[in-house]
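The values are calculated or read from the model by the stated rules, or taken from the named source; none is laboratory data. Predicted, not measured: the structure shown is a model, and the values here were computed from it. FYI the Cβ positions are ideal-geometry reconstructions off the backbone, even for glycines, and counts take in every protein chain you see. In case anyone asks, the SASA skips ligands and DNA or RNA and just uses the protein heavy atoms, side chains included. Shrake-Rupley method; radii C 1.70, N 1.55, O 1.52, S 1.80 Å.
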Amino acid sequence: MRETDRATSIRTVPGDPFVARQPTAARPRFRPDIQGLRAFAVVVVVLEHVFGRPAGGFVGVDVFFVISGFLITGLLLDEHDRTGRISFANFYRRRARRILPLAMLVLGCTFLASSLLFIGERVRWTAWDTIWSALFAANWRFASTGADYWQTDGPVSPLRHYWSLSVEEQFYLVWPVLLVVVLGLAARRGRYGSSARWVTGPVLVAVVLGSVLFALWEVEHRPTVAYFSTFSRAWELGVGALLAVLAPLLARIPAPARPAYQWLGLTGLVVSVLAITAESPFPVPGALLAVISTGLVIAGGVGGQRLMFPLTNRVLRYVGDISYSLYLWHFPLLILIGAVIPAGGTAVAVLTLGGTVLLSVLSYHFVEDPVRRSAWLERRQPGTPTRRTRATVVRRYAAPVAVLSLVVTVVVTATRPPAPQPPETVAITSQDELTAQIATALAAGDWPVLTPPPGELGSLRFTDGDGQGCRPAIRDGNDCAVTGPRPRRLAVVVGDSIASAWLPLVRRSLEPAGWMVQDLTYAGCPFLAADTVSPIERITRACPGHRRTVRAFIEDRRPDLVVVSNAYHQRFADVGGRPSLPDWERAAHLAREQWLASAAKVIALQPPPSGKDPKSCITRLSTPEDCVSRLDAEYRSYAEADRRVWGGQGTWHIATTDWFCQAGRCPIFVGGVVVRRDGNHVTAEYARKLTPLFDEALAPVLGEPED
């Protein structure tokens with residue numbers, strides 16, 4: 001984040017239109033207003049992560065991108081103006097001294113703390129996150145795993161914030177090389193010194209426009225990837241770089257107009273953090289206001305002597321100094337402390353902020369700043385004598401040995417195979433037995449031996465083919481075409497991933513009785529007569545085609561039984577992606593009336609209550625009480641609407657709340673079996689455990705004579 005505090009220095013050339021009115025020596029090399037911008041950026045990011053307010057606080061990262069592009073490009077151009085060349089070795093040595101020590105320290109501490117706190121699969125995932133972050137490729141790691149930046153239904157990586165650092169470093173692997181090529185071509189055409197900026201300007205404009213256009217496409221087709229993508233973010237760094245190229249022209253801004261630029265920019269930044277939300281398309285057009293506003297603040301301060309107090313007072317300048325440390329430390333502390341105190345609320349926020357400030361001050365003064373000012377990685381001049389004292393040996397070899405040990409530990413952890421799964425769970429015999437087991441689980445003070453092992457929950461998936469949807473709408477989905485003779489007793493399961501999770505229960509109940517169970521579920525695509533929006537764009541696009549295929553299958557095969565189950569709290573396209581209970585009920589009613597008329601009988605299986613993700617709340621320090629969830633009013637409202645829709649003639653509604661909760665409290669395990677593998681999907685083991693209760697609910701339905 002924070003780069004170097006040196007501003008650009010431009011050698012003047014007579015007749016060059018880029019020459020500023022004031023000489024190079026008169027321009028300040030240190031920009032206190034940029035330190036204030038850093039402080040603003042890191043504060044809003046931290047507040048948004050810790051408190052969820054301001055809603056657009058995450059645009060602080062975009063502010064950092066513009067600042068970084070401006071300062072780094074200015075330094076490269078300054079070096080070229082002074083020496084006629086750009087030294088890659090010097091540039092990357094400076095970057096390494098500035099970025100690596102603290103980044104690696106935070107990575108090491110975060111992994112070690114995670115391995116002591118988390119268990120099983122989550123430790124392995126954190127190990128992989130550590131490796132990708134150390135390689136400055138974390139953004140592609142999170143993009144490839146489908147991680148949502150605003151992820152709320154699963155364990156969040158304590159290293160998720162390293163994505164932005166990765167974007168910057170990837171940009172700086174390419175930009176210096178491109179700059180050298182452009183400046184070299186300019187030199188061949190007789191342009192030298194600052195006049196070569198005329199050539200770099202159009203190149204940067206092309207980079208910015210190309211990145212913006214690509215970002216517009218990616219936001220439309222791959223919004224999750226777009227957020228993390230270097231290609232969709234390059235324009236933000238490019239805007240900062242363009243400001244550095246135009247610095248001599250910006251220095252000609254009349255002095256009385258400079259405060260107006262900066263105040264306008266600061267106002268735009270405040271508006272952006274208050275107006276932008278998680279629903280805003282990002283990074284384009286969502287980041288435009290923040291980027292333009294940051295550019296105005298920077299432009300207004302180029303060559304100017306006036307100080308803008310809101311950004312240049314001593315407090316904000318110091319916060320700007322330690323902004324890199326603040327950014328790196330706050331997020332691991334937030335996730336780790338939140339895991340130790342699952343219901344901490346205010347306590348988690350206070351401890352996170354206090355720990356962040358303390359660690360940031362210490363790491364800045366004892367690690368970040370000393371290393372940045374040191375001669376680490378500098379080449380020793382020929383003839384300089386060396387003394388191999390014990391202290392120098394320790395300094396030279398202790399750090400590499402420590403880093404190597406950490407690397408070996410992380411790699412071994414990441415590649416360790418998961419433990420074998422335990423034997424299948426024994427089903428309960430009655431609701432009374434299940435109620436007694438729920439009561440026992442709610443009263444438990446210590447963790448029993450659990451099935452499946454909590455450390456392996458992150459590796460659990462649906463059975464191969466389940467929840468994959470139907471071809472041709474989904475290229476890799478199941479073949480749902482009508483072929484062959486119709487089985488004597490056909491049951492189909494429709495709905496989203498909630499229905500997919502119920503499949504082990506339905507199969508264990510019906511298949512021994514001679515039924516053929518056909519999976520027509522598609523994770524993320526509810527069986528509702530309305531256009532729904534999934535966080536994954538490809539599912540949103542494929543969902544209508546999948547529903548048409550399912551409807552055609554039901555109309556042609558006329559199944560004896562349809563089992564339908566959908567998650568509550570869906571997002572609907574016609575209301576801007578906002579969840580709505582009336583829309584949910586209306587869409588479910590239309591699906592029942594218009595899409596299922598060909599089915600002999602229809603059963604709606606109520607989804608399990610959502611709750612805490614066991615991968616997050618089960619740690620080495622937690623107790624069973626930390627994972628107990630409570631039924632909320634919203635779930636009860638949806639459950640009542642569910643009953644109204646499916647409780648009519650020819651359809652049946654099976655309530656499942658008593659399978660999970662007692663007196664509004666829902667444990668994460670029952671009878672030694674983990675109930676959910678995440679926030680809302682029942683484990684296959686627990687689904688099979690409930691088979692006798694499902695059989696009991698089915699008896700009056702299947703016992704009725706056929707129409």
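Key figures for this structure:
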| item | result |
| --- | --- |
| Rounded to whole Å, sorted largest first: equivalent-ellipsoid semi-axes of region 642-681, Cα gyration tensor | 26, 11, 9 |
| Relative contact order for region 315-380, counting Cα pairs under 8 Å that sit 6 or more residues apart, in percent | 38 |
| Computed over region 606-707, Cα set: Rg, Dmax in Å | 15.6, 57 |
| Mean accessible surface per residue for region 63-120, computed with a 1.4 Å probe while every protein chain stays in place, in Å² | 28 |
| Residue-normalised accessible area of region 573-707, given per residue in Å² at a 1.4 Å probe | 41 |
| Residue-wise HN-Hα coupling along region 597-611, computed from phi with Karplus coefficients 6.51, -1.76, 1.60 (Hz; x: Gly, Pro) | 5, 7, 7, 5, 9, 10, 10, 9, 9, 4, x, x, x, 6, x |
| For region 65-144: Kirkwood Rh in Å [reciprocal of mean 1/r, alpha carbons] | 15.1 |
| Accessible carbon and sulfur surface of region 561-707 relative to its total accessible area, %, 1.4 Å | 50 |
| Descending principal axes extents, region 218-300, alpha-carbon based, whole Å | 44, 28, 13 |
| Note, ³J(HN,Hα) from phi for region 500-514, Karplus 6.51, -1.76, 1.60, rounded to Hz, x at Gly and Pro | 4, 5, 7, 4, x, 5, 5, 5, 5, 7, 9, 4, x, 8, x |
| Whole-angstrom gap from region 596-658 to region 329-373, using each part's C-alpha centre | 37 |
| Region 206-312, accessible surface, carbon-and-sulfur percent (1.4 angstrom probe) | 76 |
| 5 angstrom amide H check on Val673, placed H, neighbours 5+ away | Thr451 |
| Region 567-609: Rg to Rh, with Rh as the Kirkwood radius over Cα pairs | 1.03 |
| Centroid-to-centroid separation of region 513-592 and region 86-116 [C-alpha atoms, Å] | 47 |
| Amide H partners (placed H, <5 Å) of Val563, local residues excluded | Val492, Val493, Val494, Ile603 |
| Cα Rg over Rh - region 522-606, Kirkwood | 0.96 |
| Projected-area mean, region 537-663, by convex hull of Cα positions, square nanometres | 10.0 |
| Per residue accessible area in Å² of region 216-330, where ligands, DNA and RNA are left out and the probe is 1.4 Å | 39 |
| P(r) histogram, all alpha-carbon pairs of region 440-565 included - 5 Å bins from 0, percent | 2, 10, 18, 20, 17, 11, 8, 6, 4, 2, 0 |
| Burial ranking of peptide ranges 525-537, 171-183 (average Cβ count within 10 Å, highest at the top) | 525-537, 171-183 |
| In Hz, Karplus ³J(HN,Hα) per residue of region 254-264 (6.51, -1.76, 1.60; θ = phi - 60°; x = Gly, Pro) | x, 3, x, 8, 4, x, 5, 4, 6, 5, 5 |
| Kirkwood estimate for region 100-141, i.e. one over the average of 1/r between Cα atoms, Å | 10.4 |
| Region 275-302 versus region 423-493: alpha-carbon centroid distance in Å | 45 |
